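As structure tokens, the structure follows; a few thoughts come after it.
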Amino acid sequence: MSKPAISIEHISKAYRIGLAQQSDSFASTVKSLLKKPLKTLRKFNEDYSSGQDVYWALKDVSFEVERGEVLGLIGRNGAGKSTLLKVLSRIVEPTSGHAIMRGRVSSLLEVGTGFHPELTGRENIYLNGAILGMKRSEIKRKFDQIVEFSEVGKFLDTPVKRYSSGMYVRLAFSVAAHLEPEIMIVDEVLAVGDAAFQQKCLGKMSDVMRQGRTIIFVSHSMDAIASLCSSVVHLRKGCASEKMSVEAGIRSYLDEAAAGDNLPLSQKPRTIQIDNHPPVFHDLKIRGQDGPTVMIPVGTRVGFDVTLRNFADVPGHLTLGIGLNNVRGQRVALFHTEYHKGLTFRGVDELTLHCDVESLPLVPGTYTIDLVLADGYNMLEKVERAGQIEVVFNDILGTGKLPNGKQSVVVLPCTWSN
């Protein structure tokens, strides 16, 4: 019986809160060792067992990933997902425990990881291939496919430091997917790209899966997790669940997300938030055809009033998106200022935007509301489960019957004849 592709054994990672420029990279460790050898050596024996300034990003995490398995790693912000991926990618050293990676590893983490900013796109393709242990002839054979997929051919001989974040991610993903690693580690950097490229990436990941590669995939999109993954590990405050089915993992994630449902919008946790900036989304009110309510009969009017505050210092042409998700966390509807109205806006001290939907054709069920503030495709703030509505039965078809949630997402009228 073959050994698993990845064995994670009792990994913990602790940080000292408040230490300036704390880093665990190999380069920074070597630099510190040369400049301050005694202090650096003492660091390896540092006692993290006590002290109020100790923060445990990971706590005794253990699980295995079989060869050819696509594992979804899910959890709220701060759960430890990115820290675990950095440990697996050998970017940081764990405080205790270890991971065994049986195969060539390609990591696509936050934008900027793995590329040298002074080198061109062409040079970085060859550099990444060499890091993966590939021969130049192997890289050359894949080169045209990488460039075509990334859509950055015009800028191939430009230093990547001049690339936009979207271009950077397109090239980085293309390199990671095409250079045939046995193990792929993918963080949710695809959120930087546009919607069409995200779908293209998901399609490529499906191709990689069919080739029997092992993948660890981090995403806040339960729809992507459901469509790509064969199993799930749920991280909460640095602790890992047992490996579970995708359905069980999604339920666990949504149950955790529901824990903040009773908080005011201004206090709800943010999936994405501008660094060192107070929350922008302040209030959400829901209106039905007869006034404030969360009970919306099928096919009737619904309105959303979203109040934003304290964002006069946020630059860009801003947009607001309101997403509706079903009980599986799948997006079933999106109402967007730019898509639906051609509307963008600038940051101000306070602004209330009103979205009116004349007829909501969703099947009966509970739907949660996501709010997203963005500048183009760059998401600035996202609140999952900002609110929820209950769509209830309404005899809009005149038959006394409606499709259920397993049969359809929407209720649309039609004409039958014989």
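For segment 167-199, a tally of residues being at pLDDT 80 or above and surrounded by fewer than 19 Cβ atoms within 10 Å (Cβ to Cβ) returns 1.
Could you please let me know if M222 is in contact with a helix residue (DSSP H, G or I) (Cβ under 7 Å, 6 or more places away or on another chain) and buried (at least 22 other Cβ atoms within 10 Å of the Cβ)? So M222 passes the test. Could you go through segment 323-337 and let me know if any residue there is charged (D, E, K, R), under 23 Å from V410 (Cβ atoms), without any contact (Cβ under 8 Å) to a residue 12 or more places away in the chain and surrounded by fewer than 16 Cβ atoms within 10 Å (Cβ to Cβ). No, the conditions are met nowhere in segment 323-337. Considering the conditions (1) at pLDDT 90 or above; (2) surrounded by fewer than 19 Cβ atoms within 10 Å (Cβ to Cβ); (3) within 25 Å of the chain's Cα centre (by Cα), G78 is excluded by exactly one of them, (1). Determine, yes or no, whether T158 is more than 25 Å from N378 (Cβ to Cβ) and not assigned by TED's automatic domain parsing to the domain that holds N326. It is false that T158 is more than 25 Å from N378 (Cβ to Cβ) and not assigned by TED's automatic domain parsing to the domain that holds N326. Here R385 meets the list (1) of a type outside the set (A, V, I, L, M); (2) in a strand (DSSP E or B); (3) touching a Phe, Trp or Tyr at 6+ places or on another chain (Cβ under 9 Å); (4) in contact (Cβ under 8 Å) with a residue 60 or more places away in the chain almost entirely, failing just condition (3). Remark: pairs (first residue in segment 85-102, in the same structural domain as I11 (by TED's automatic domain parsing) and farther than 17 Å from T214 by Cα; second residue charged (D, E, K, R) and surrounded by fewer than 20 Cβ atoms within 10 Å (Cβ to Cβ); Cβ separation under 6 Å; 6+ apart in sequence or on different chains) = V92/D24; E93/D24; G97/E9; H98/E9.
Take segment 360-376 and flag every residue that is in a loop (DSSP other than H, G, I, E, B) and either closer than 16 Å to S408 by Cβ or without any contact (Cβ under 8 Å) to a residue 40 or more places away in the chain (or both). The answer is L360, P361, V363, P364.
Candidates are the residues of segment 81-91 that are buried (at least 20 other Cβ atoms within 10 Å of the Cβ) and β-branched (V, I, T); the one that is nearest to S221 (Cα to Cα) is T83. Filtering Y377, Y367 for residues that are surrounded by 14 or more Cβ atoms within 10 Å (Cβ to Cβ), modelled with pLDDT under 90 and of a type in the set (S, T, Y) leaves a single hit, Y377.
Of the residues making up segment 388-418, those that are touching a Phe, Trp or Tyr at 6+ places or on another chain (Cβ under 9 Å) and of a type outside the set (S, T, N, Q) are I389, E390, V391, L402. All of D349, D283 fail the test of being at pLDDT 95 or above, over 15 Å from Y367 (Cα atoms), surrounded by fewer than 18 Cβ atoms within 10 Å (Cβ to Cβ) and out of contact with any helix residue (DSSP H, G or I) (no Cβ under 7 Å at 6 or more places or on another chain), apart from D349.
For (1) among the hydroxyl-bearing types (S, T, Y); (2) without any contact (Cβ under 8 Å) to a residue 12 or more places away in the chain, each residue gets a yes or a no:
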{"residue": "I225", "(1), (2)": "no, no"}
{"residue": "L228", "(1), (2)": "no, no"}
{"residue": "S231", "(1), (2)": "yes, no"}
{"residue": "C239", "(1), (2)": "no, no"}
{"residue": "Y253", "(1), (2)": "yes, no"}
{"residue": "A259", "(1), (2)": "no, yes"}
{"residue": "S266", "(1), (2)": "yes, no"}
{"residue": "P269", "(1), (2)": "no, no"}
{"residue": "N276", "(1), (2)": "no, yes"}
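Can you confirm whether N418 is surrounded by fewer than 13 Cβ atoms within 10 Å (Cβ to Cβ) and farther than 18 Å from V332 by Cα? Yes: the conditions hold for N418.
The values are calculated or read from the model by the stated rules, or taken from the named source; none is laboratory data. These figures come from a predicted structure and were not determined experimentally. Positions of Cβ are backbone-derived with ideal geometry, glycine not excepted, and every protein chain shown enters the neighbour counts.
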